[in-house]
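Participant: Quick one: structure below, then a few questions.
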Amino acid sequence: MTKVITYGTFDLFHEGHYRLLQRAKELGDYLIVGVTTEEYDQARGKLNVMDSLMTRIENVKKSGFADEVLIESSPGQKALDIQKYQIDIFTVGSDWAGQFDYLKEYCKVVYLERTKNISSTMLRAQRASICRIGMIGTGRIAERFIPEAKLVSGINTEAVYNPHLESGRRFAKRWEIDAYESLEDFCEAVDAVYIAAPHETHYQYIRSALKHGKHVLCEKPMALRKSQAEELFEYAKEQGLILFEGIKTAYCPGFTRLLGIACSGMIGTIRNVEACFTKLENPSHRELTDERYGGSFTELGSYVMLPIIKLLGSQYQELRFECIRGKNGLDLFTKAFFTYPEGMGTATCGLGVKSEGRLVVSGTLGYIVVEAPWWKTAYFEVHHENPQDVEKFSERFLGDGLRYEISDFLSMINGNSRSEYKLTRGDSTALAGVMERFLEVEGRG
Ligand code: CTP
């Protein structure tokens, strides 16, 4: 019996896939089809697959050519599968010609001619027209956004608005996009808005963008008052628009995996979460000179609160802050203490004090530790009582990581809400509630 194997994503199953499977089957007697997991596709930069793994498997099965389906979840798996299943022929489309020649060591490699004028990429583009996004703000984070957005197909950065016209124009020139002088004209020119302006402007900008019928991705902290966050989410819902808070950690594959493992019981019941993120900031920058909205907590608090709110929830009993302040009264180093009926959390951040940036999640059976930069989670360990008993987990974290939140934002706009759980309306509202309390106790409410 001649055994044949082939692999693919098989998103939005199309004629090209059908013909490939048909010819693959004809090469032998028994056909095994490997279908990629979402995580594997994400890791290799395919960020916008639309069909779920189950749907893609179902479609491969429905073609009637696959005798067996397996899941492809990591690079290097092909060579192992070929040996394990005693494969005679490996085949893929000619778009991969030459790339799998290394498998000739194990079996025959056949590149089948690709069907012309059809691909999942083409179908995805047809289904969802390109989303034109515009940015408000031209600071350092805005600079990182454009190259990351370029890596997500289906979204195009086209416009920028900055009330400081000269900055807007300079930014537009550098990135070859259009600068607008009026917020109205800017909103009219785009489908979605990314807000990377100073914190205190977020509320008004989000309202304006939603009023113009635009989806919004807003940098953290999205709102500085709980009632504002609630109002904005409600308004977005009424308008049928997506409102997303951009805390990149929440959308990165390593962090979502960590949350899954923390909740799986592997470390027992979670009792303590400690997160620290410090970044020595130039004292002349806005973050350390804006006496009303600057300081370490408004700047970095969203990151360090995120694992606490995700793992212990928003129903804390007590919330207390301790700060070390600079001469102008702004917090250079802050600790927020969360007390729950059966757990606690400490969120530590600093702009003028440097510390070890670590995340530790402690449970009744063990703990998870992620070293800096845990906010770009790529690797973490699970420890137990026996120090030898350590499990290691790693995930890709590509580039600046903004591509993950941009990709999830786009999926939501296109009607695929599978990533909504990563940072919910409730999470963002709770985070805004803590920010509000902090500014109140600091006398800046
Ligand atoms: N394939 C093909 N003809 C096409 C499209 C795909 O023969 N027109 C083959 C690929 O070469 C591969 C298999 O189908 O062997 C699965 O490909 P996959 O990457 O899932 O499909 P694409 O349409 O190429 O997807 P994308 O556009 O996302 O790259």
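Computed from the coordinates by the stated procedures, all read-outs in this text should not be read as laboratory data. Model, not experiment: these values are computed from the prediction. FYI the Cβ positions are ideal-geometry reconstructions off the backbone, even for glycines, and counts take in every protein chain you see.
Participant: Got a sec? Which of Phe321, Phe338 is farther than 16 Å from Ile270 by Cα and either β-branched (Val, Ile, Thr) or assigned to a strand (DSSP E or B) (or both)?
Facilitator: So the residue among Phe321, Phe338 that is farther than 16 Å from Ile270 by Cα and either β-branched (Val, Ile, Thr) or assigned to a strand (DSSP E or B) (or both) is Phe321.
Participant: Any chance you could count how many residues in the range 341-371 are touching a strand residue (DSSP E or B) at 6+ places or on another chain (Cβ under 6 Å) and either without any contact (Cβ under 8 Å) to a residue 40 or more places away in the chain or among the polar types (S, T, N, Q) (or both)?
Facilitator: 5
Participant: Let me ask another. What do you reckon, is Gln99 more than 14 Å from the ligand (Cβ to nearest atom) and either closer than 28 Å to Gly154 by Cα or more than 30 Å from the chain's Cα centre (by Cα) (or both)?
Facilitator: So Gln99 does not fit the description; no.
Participant: Among Leu359, Leu330, Leu402, Leu351, which is the only one that is more than 23 Å from Gly260 (Cα to Cα) and under 26 Å from the mean Cα position of the chain (by Cα)?
Facilitator: Unique residue meeting the criteria: Leu351.
Participant: Pairs, please: C-beta under 7 Å, at least 6 apart or cross-chain, first residue buried (at least 22 other Cβ atoms within 10 Å of the Cβ) and in the range 328-340, second aromatic (Phe, Trp, Tyr) and part of a strand (DSSP E or B)?
Facilitator: Every condition considered, the pairs that remain are Thr334/Phe321; Ala336/Phe321.
Participant: Can you tell me how many residues within the range 102-144 are within 13 Å of the ligand (Cβ to nearest atom), free of Cβ contacts under 8 Å to residues at least 40 places away in the same chain, outside any strand (DSSP E or B) and on the phi < 0 side of the Ramachandran plot?
Facilitator: 6
Participant: Any residue at all in the range 21-39 that is hydroxyl-bearing (Ser, Thr, Tyr), surrounded by fewer than 20 Cβ atoms within 10 Å (Cβ to Cβ) and assigned to a helix (DSSP H, G or I)?
Facilitator: Among the residues of the range 21-39, not one is hydroxyl-bearing (Ser, Thr, Tyr), surrounded by fewer than 20 Cβ atoms within 10 Å (Cβ to Cβ) and assigned to a helix (DSSP H, G or I), which makes the answer no.
Participant: Mind listing whichever residues of the range 373-408 are hydrophobic (A, V, I, L, M, F, W, C) and out of contact with any Ser or Thr (no Cβ under 9 Å at 6 or more places or on another chain)?
Facilitator: Matches in the range 373-408: Val382, Val390, Phe393, Leu398, Leu402, Ile406.
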